[in-house]
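See below for the structure under consideration.
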Amino acid sequence: MLQLPHQPLQVAAVPPQRTPAREDQAGPWHSEAVCRRDEAGLFFAPSKEPTAARLAREDSAKRVCARCPVMIECQEHALIQPEPYGVWGGLTAAERRVVLARRRRREMELKAASASSGATERVAAAG
Ligand code: SF4
């Protein structure tokens, strides 16, 4: 079975409803993850973590991500899955929600623009 990045922490710190990526969705990037042995516990919040401690821990996790050779793949995995908890690909869960909301809005704008341009072409073709 393919092991996910920073998997050892999931046992202790990740809420039980978090489900790991299915093996067929996991990519070869997992084997290159810098956080495979997250012994410092940087990537997932322990329960009842104070805000200042969370922010400091997330900053430390992001610094690890910044030197990770598979940051882009990891980030995209966490966005597509989507992973609801933890730092993945240099983004916190809240930051991923913002990225996803922007993507959805951009897709809607593109669809609206495409529909609008199609209607204009139909009107022009009809004379
Ligand atoms: S980008 Fe960060 S969370 Fe993702 S595999 Fe690398 S170190 Fe782990």
Inset, instruction - Inspect all residues belonging to the range 59-66 and state whether any of them is of a type outside the set (Ser, Thr, Tyr) and farther than 10 Å from residue 89 by Cα. - result: yes
Inset, instruction - Tally the residues that are under 15 Å from residue 43 (Cα atoms), surrounded by 13 or more Cβ atoms within 10 Å (Cβ to Cβ) and either more than 8 Å from the ligand (Cβ to nearest atom) or of a type in the set (Ser, Thr, Tyr) (or both), restricting the search to the range 63-84. - result: 2
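Every number in this text was worked out from the coordinates using simple rules, so none of it is lab data. All figures in this text were calculated on a predicted structure; none of them were measured in a lab. Positions of Cβ are generated from backbone atoms using ideal geometry, with glycine treated the same way; all protein chains shown enter the neighbour counts.
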